Amino acid sequence: MYAVAVRVGDLLPWRDFVIETSWPCEVAALELRKAIDEPQLFSGEATATFVGRAESATRFKFTRRVPYRSTWRLVVLAVVEPSRRDGARIRVRMRMHLFVVAFATAWMAAVTYRAASTVAGAVFSGRMAAADVLPLALPFFGVAITCVPFALEASKIETLLRGIYAAAPAAPPPPDTGDAYR
């Protein structure tokens, strides 16, 4: 369904990237606006890929449309601005919802404290066993259940956004002036 390639840097719980298109800013913003539906209390005929709002003519805040409720959906912020090559540049920033960040931070802090105190207690009492080291795996588990789903969802969203602008004609090549680049 989706081609997903995950790099180590993609596992961080935020992602920024830029899409360059030959379309003018107005057209690029309109194409993005067509892919975003306003949030509705009762979902009817869903046609758009994303759900969110246009904060201004060139600023958008949205999430990917999914058929279920989830606080783990990514928040996507997109800004359409003029490019240096007579087109548009779409700056995209993806992040987790602030509630998810707060919950994950509190959970990780509590688990890390508990794991460290368990291991320290075992070391100082002189009765170190393999089971005493097991709680140290919980912080790694917390990172995995936070960062891996983020990376997978962010890759899906990036593919969908790049697909919107794939239909744009190729930008003309820069003029050849014959001068060496300095």
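For first residues located in region 15-40 and closer than 14 Å to Ala167 by Cβ and in a loop (DSSP other than H, G, I, E, B), partners that are of a type in the set (Gly, Ala, Ser) and at pLDDT below 90 and lie 6+ apart or on another chain with Cβ distances below 6 Å form the pairs Ser22/Gly87; Ser22/Ala168; Ser22/Ala171; Trp23/Ala168; Ala35/Ala48.
Just so you know, in region 45-71 the residues that are of a type outside the set (S, T, N, Q) and at pLDDT below 80 include one that is farthest from the chain's Cα centre (by Cα), and it is Glu45.
Taking the listed residues Ala122, Ala130, the one that is over 23 Å from Arg15 (Cβ atoms) and either surrounded by 12 or more Cβ atoms within 10 Å (Cβ to Cβ) or modelled with pLDDT of 85 or more (or both) is Ala122, with no other qualifying.
Restricting attention to region 65-80, the residues that are in contact with a helix residue (DSSP H, G or I) (Cβ under 7 Å, 6 or more places away or on another chain) and surrounded by fewer than 19 Cβ atoms within 10 Å (Cβ to Cβ) total 2. Residues of region 47-102 that are among the hydroxyl-bearing types (Ser, Thr, Tyr) and over 28 Å from Ala144 (Cα atoms): Thr47, Ser56, Thr58, Ser83. Here Glu20 clears all of (1) under 20 Å from the mean Cα position of the chain (by Cα); (2) at pLDDT below 90 except the condition numbered (2).
Inside region 64-97, can you point out the residues that are free of Cβ contacts under 8 Å to residues at least 24 places away in the same chain, assigned to a strand (DSSP E or B) and of a type in the set (Val, Ile, Thr)?
Val75, Val79
The set of residues in region 41-82 that are within 21 Å of Ala102 (Cβ to Cβ) and of a type in the set (D, E, K, R) comprises Lys61, Arg69, Arg73.
The values are calculated or read from the model by the stated rules, or taken from the named source; none is laboratory data. Worth saying up front: this structure is predicted, and the values here are computed from it rather than measured. FYI the Cβ positions are ideal-geometry reconstructions off the backbone, even for glycines, and counts take in every protein chain you see.
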